[in-house]
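Take a look at the structure below.
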Amino acid sequence: MSSKETKPAHKKKKEPKKEPKKETVKKETVKKETVKKETKKKDEEEKDEDPKEEIFDEIEKFEDLEIDEKIIRGVFSYGFEKPSPIQKKAIRPVLSGRDVIAQAQSGTGKTATFVLGVLGRVNVAENKTQALILAHTRELALQINNVFRQIGNYMDIVFNLSIKGVSTSENIDALCKKPRKPHIVIGTPGRILDMINKRALQVNTLKMIVIDEADEMLSEGFVDQIYNIMRTMPAKMQVCLFSATMPTNFFDVTAKFMQDPVKILVKAEQLTLEGIKQFYIDVQKNSYKFETLCDLYSLLTINQSIIYCNNKKVVDDLTYRMKDANFSVSYIHGGITPDEREETMAAFRSGSTRVLISTDLLARGIDVQQVSIVINYDIPNNVENYLHRIGRSGRFGRKGVGINFATHYDVEKMKNIEQYYETHIEEMPEDISAIL
Ligand code: AMP
């Protein structure tokens, strides 16, 4: 669904003699199985016959982006000095209007990649909703909303957050009743669909949609909602997908609503996070986990940590037992109210609570830089979530540690994780203080 716009200077063909940088992003042709419209099919055939390569130069510094200097000011005042590898490669393709699939290791700056791309594409002089950003949880939507507002601080731009917890009438007012329409809407799929159905969100003026944690959004739990949203979108619209993990069937699904995307991908074995040490503790049985956890916490002075469990009940039980043993912990899962979730997150982000017990609700995207340890109290049921969970520590090059509580039943799961990421998870040494 790329829009065909005049080519900016950076998209023009390169000088033949100039060596392309090693990591230059090239267009990849994707086999399409389904496309919505006949015209698109035709376009595609033409493209396949004429495989012109579009090369996007990596940027070296933010100023290399040909965008409003107010955005660049916003980036610097947010504290970023230089672009991260994903930002070097992927902002320009997003700015170009082409469909984009971008993958990067957890914690390496995906959010700012699309924030800059979207801010650069939006025309603030037009009083229209132009970009829609979808996140799978309200916590992630709030976090993205915050990055947009901070980096867009010097622009005269209107944002809207459409998530559960904001009253429906307030949401409708902000989307369509105020004199100024939001240029950018950030939301979760359920609320966005509701706002589309109520005709509050004006989809016909959208020129781009960004889906964060895209593989999760296109998995069973969300895919129908995403299809329903996509069905309402204008035909000529840019689609950008971001995630750290992209399982094999991901590309079959994306082919259904993307056109000739620029792909920036990372091999699975390159995904295990540099700077994050991974260990397992052989706890043998579930019933030994709690004692092991208490021992661990009594030995460590941990800055902030997240303990992941595989379901709400384990989160509730563990919270109860830890509080009972005088540990100061907080907990979060999908079963508590939006207000409680917000309070818990605010306390954890500010550092006033230091241990957070969670389900996979918070496995993805959440960025709290002080988190140095992630404990898998239960080993996750899929390889993708393993990476997302341990990626909550070691944000943006900081050091982190992932500790896995493995029972006899987890041997197979641990082997799968090691094989998938071609990594080795060592047994936790006796003297843990030396490594933490
Ligand atoms: P993300 O992968 O978007 O969740 O970002 C991970 C962390 O890296 C966040 O705390 C960002 O604020 C930080 N970050 C992203 N890009 C940069 C950059 N270019 N310079 C410094 N920090 C960054």
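Every number here is computed from the coordinates shown, using simple stated rules; none is lab data. This is a predicted model, so every value here is computed, not measured. Reconstructed Cβ throughout: ideal geometry from the backbone, glycine too, with neighbour counts over all protein chains shown.
Under 10 °C and 1.306 mPa s, how fast does segment 170-266 diffuse according to Stokes-Einstein, given a Kirkwood radius computed over C-alpha pairs? Answer in µm²/s, whole number.
Estimated via Stokes-Einstein, D reaches 110 µm²/s.
Quick one: net charge of residue 163's neighbours, Cβ under 13 Å, K/R +1, D/E -1?
Here the count lands on -1.
Sort the following peptides by mean Cβ neighbour count (other Cβ atoms within 10 Å, averaged over residues), highest first: 276-282, 293-299.
Taking the mean over residues of other Cβ atoms within 10 Å, the ranking is 276-282, 293-299.
Would you grab the residues whose amide H sits under 5 Å from the one on residue 278? Only those 5+ places off in sequence or on another chain, please, with H modelled 1.01 Å from N.
When sequence neighbours closer than 5 places are left aside, the close amide H contacts are 402, 426.
Are there any trypsin sites (Lys or Arg not before Pro) in segment 168-199 that are in a DSSP loop and have at most 12 other Cβ atoms within 10 Å? List them by number.
Counting only loop positions with at most 12 other Cβ atoms within 10 Å, the trypsin sites (Lys or Arg not before Pro) in segment 168-199 are 180, 199.
Which values, in whole Å and largest first, are the semi-axes of the equivalent ellipsoid of segment 276-435 obtained as the square root of 5 times each eigenvalue of the Cα gyration tensor?
Square roots of five times the eigenvalues give 22, 17, 16 Å.
Taking 21 Å as the cut-off for C-alpha to C-alpha distance, list the pairs among 110/399; 82/128; 198/256; 198/236 that go past it.
Result: 82/128; 198/256; 198/236 exceed 21 Å.
Show log10 I(q)/I(0) for segment 280-360 at q = 0.19, 0.20, 0.24 Å⁻¹, two decimals, from a solvent-free Debye sum over equal Cα scatterers.
-0.86, -0.95, -1.31
By the gyration tensor of its Cα atoms, with a ≥ b ≥ c the square roots of the eigenvalues, what is the shape of segment 131-201: rounded for a/c under 1.5, prolate for a/b over b/c, or oblate?
Oblate is the answer for segment 131-201, as a/c is 1.5 or above yet b/c matches or exceeds a/b.
Where in segment 95-134 does the amide nitrogen come within less than 14 Å of the point 7 Å from the Cα of residue 270, taken along Cα to Cβ?
Label zone hits: 102-106.
Taking other Cβ within 10 Å of each residue's Cβ, how do 80, 257 sort, fewest first?
80, 257
In whole angstrom, how far apart do the alpha carbon centroids of segment 354-399 and segment 128-149 sit?
What the calculation gives is 21 Å, centre to centre.
Compare the peptides 84-91, 366-373 by average per-residue count of other Cβ atoms within 10 angstrom and give them in order, highest first.
So the peptides 84-91, 366-373, ranked by packing, come out 84-91, 366-373.
Sorting check: for 202-212, 243-253, which peptide has the highest mean count of neighbouring beta carbons within 10 Å, and how do the rest follow?
The densest-packed peptide leads the list: 202-212, 243-253.
Work out the length of the dipole vector of segment 276-435 about its Cα centre, built from +1 on the beta-carbon of each Lys and Arg and -1 on the beta-carbon of each Asp and Glu, and round it to the nearest 20 debye.
Using Cβ point charges on Lys, Arg, Asp and Glu, segment 276-435 gives about 380 debye.
Dipole of segment 53-266 (Lys/Arg Cβ +1, Asp/Glu Cβ -1, origin at the Cα centre): which of 102, 80, 184 lies farthest to the positive side?
184
Could you pull the Cα extents of the chain along its three principal axes, largest to smallest, in whole Å?
That works out to 63, 55, 41 Å along the principal axes.
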